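Single-structure report; data block below.
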């Protein structure tokens, strides 16, 4: 009898190299950013390819950076180098010369690859041909496109119900590919469209939809030039949205005040020096945040409750009473809930003194134009939706909606994560959306809501979902509760990954696994009779623009995402409800269908060809109108959540290093935090270390016991750091194994990665 093979590991392996600690820099970016950009680019692409590629990033007629979704300046105000250090790393990784080919997979079994670090996997190069992992096999082997498409279609056709398939989407997917992807899912008969938004800004969408009638922000890039006060809440732009630092610098020079609200005072919000300043022989840097409020993990709701209380008590004359009376609902109930909340509860709930909160409230109350920015630090909590609605409450109090230099600004991560949602990637679509889609396509879409990421994982574990089709991304490393996510993936009959690079989701798979290698943003896309194509994306502020690849593809076997979706759909559905491959021969045809099916895309092909693209409608911003059930912006009354910890417990958040974008690891350093050559680290307040008898550099095990399930993360190095007592921080995805699958935000079901209760052994 054959011995059962050990399954490839799901958890990221330890890197044996010792931690090196360095002095934390006082300035973000600067010459170090320029040096790292050049080193990463030339090392992976060569000098000529680096120059050709980077000078096309975020330019008119060039390609959209595959990194963050921060908007580009007007074409007339763009420089020759419209990219940041991490954007350059993302581009270099995509355009690198190394290849993961048939010979690579013949040398390395899946089990062997699973023992390698995420950093090592990423370094191996581009996927260049379709491969299949047969059931029971140890190695991926090549497969033709025709056979691979047929294999996937066969699996899908054998399902007993459309709900047994899930169609996952990454935020890097273009509008054209995402639209076809959701149409394929719905034409097949399901709204099972989990996507990366479920794990990041889902809470923002839920909160803002109820508060102001749109699940997006209300600001433009130009508003930063006119703001008096900018709040950066639960966000580290220096690492995750570096080009935002330029907007903050310019705002600061224009007289704006900046406040950082975050458990950690990040270097990127202290001082900033644009790397291009060195070309002008300038040695000056710009101070950004004049105030940092080190809120405890999960304490933001209490903090902004205090802001409202201080505003009502001391600055009621600055309330925008006309706007409140004419355009909002629920103000009296909200005010009553705030004024009845004791200061002691507020201070205990956020970790900031009453005096500091009152001073902060004065800054907001006396500013005529305030921008409220936030990211994952607000969205990944149990009470995230209420927290964001509280931030919206503060904006409504001052009438900071539909006013120049003011508004709400959830800062998105992936380059087109907002666009994907706009064109239909959502498991819970509205009736209005489906009605328009049906009218434009000429079919009947399913009405039953589908599964999000957390529910999809649960459905895979219970064998309710048997086929998982992934349009990009790295679900295993992005999702919570790594071992249980792996259990779900392994339980599938088939997992399909459409990818550019090797990642851990290729190693922990269903019984059968297929990888479709696709073109990247940097590469030329020729369709039909060899006609060059472009795709479109929507940035974080609702502007839709083109992205045109310029480089020769890494392999003749690569196919574009729209091509892959179109040909897969034709294998599954034939030419119903659309002629799929006819659409993918010319992407203008896809955009015509989007125009007919999705609100806001009038004259799509014409307007997107304009320099800089076009802005989608945003009623709160454009006309101070609100598409809510009552036609008004809504205040929301709430209470401060209970955040107590038992003896020995810490509240842990997962964060990213500077050498990282989402699940992609570019290097092993976190320059802005002084950490080098290590990723399995836990940042702790020195008093918490002392009370536990822990020394700097000591290796410990982190333990979470939520819901009676013990989750352990071993060999984490203790690093003293300036963050509030009772709080700790670890890197994502190494600590994702500690995030309970069942611990999610109320209403949005977003995993609570920013407050995980742990003990240390």
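Relative to its residue count, region 489-573 spans a Cα convex hull of 150 Å³ per residue. Taking the inverse of the mean 1/r over every pair of distinct Cα atoms in region 675-727 gives a Kirkwood hydrodynamic radius of 11.9 Å.
Full extension of the segment from residue 348 to residue 592, taken as 0.36 nm per residue of separation minus the current Cα-Cα distance, would add 82.4 nm. Measuring nothing but alpha carbons in region 599-660 and taking Rh as the Kirkwood radius, the Rg to Rh ratio lands at 1.25. Extension gain for residue 609 to residue 106 (0.36 nm times residue separation, less C-alpha to C-alpha distance): 176.6 nm.
Put in order of Cβ neighbour count within 10 Å, fewest first, the listed residues 524, 504 become 524, 504.
As a proxy for reagent exposure, 326, 287, 85 were ordered by neighbouring Cβ count within 10 angstrom, fewest first; the result is 326, 287, 85. Per residue, the chain reaches -9500 deg cm²/dmol at 222 nm when only DSSP H runs of four or more residues are counted, each adding -39500 (n - 2.57). A convex hull fitted to the Cα coordinates of the chain yields 152 cubic angstrom per residue. The relative contact order of the chain, computed from alpha carbon pairs under 8 Å that lie at least 6 residues apart in sequence, is 22 percent. The residue 336 and residue 362 beta-carbon pair, evaluated with R₀ = 22 Å, returns a calculated FRET efficiency of approximately 0.50. With kT/(6 pi eta Rh) evaluated at 37 °C and eta = 0.692 mPa s, and Rh the Kirkwood radius from Cα pairs, region 329-405 diffuses with a coefficient of 234 µm²/s according to Stokes-Einstein. Highest mean packing first, where packing is the average number of other Cβ atoms within 10 Å per residue, the peptides 592-603, 401-412 line up as 401-412, 592-603.
Working note: Debye formula, equal point scatterers on the alpha-carbon atoms of region 202-411, no solvent; log10 I(q)/I(0) at q = 0.11, 0.17 Å⁻¹ is -0.49, -1.18. As a ratio to 2.2 N^0.38 Å, the alpha-carbon radius of gyration computed for region 643-711 takes the value 1.30. Report note on the peptides 605-611, 746-752: ranked by the mean count of other C-beta atoms within 10 Å, highest first, their order is 746-752, 605-611.
Over the Cα atoms of region 177-251, the radius of gyration divided by the Kirkwood radius equals 1.09; this is the Rg/Rh ratio.
Distance between the C-alpha centres of region 669-698 and region 180-198: 42 Å, rounded to the whole angstrom.
Rg and Dmax of region 554-649, both derived from C-alpha coordinates alone, stand at 22.8, 64 Å. In this calculation the C-beta distance from residue 524 to residue 138 is compared with R0 = 30 Å, giving a FRET efficiency of 0.25. In whole Å, what is the distance between the alpha-carbon centres of region 202-264 and region 131-150? Here the two parts' Cα centres lie 45 Å apart. Put in order of Cβ neighbour count within 10 Å, fewest first, the listed residues 157, 197, 555 become 157, 555, 197. Can you run the Rg to Rh ratio on region 650-760? Use alpha carbon positions and the Kirkwood inverse-distance Rh. A ratio of 0.96.
Cα extents for region 133-184 along the principal axes, largest to smallest and rounded to whole angstrom: 35, 28, 20. If you average the C-alpha positions of region 488-558 and of region 585-621 separately, how far apart do those two centres end up, in angstrom? Each part reduced to its Cα centre gives a spacing of 22 Å.
Rule-based calculations on the coordinates, nothing more; no lab input. In this text the structure is predicted, and so the values were computed from the model without any measurement. Note: ideal-geometry Cβ built from the backbone for every residue, glycine included; neighbour counts use all protein chains shown.
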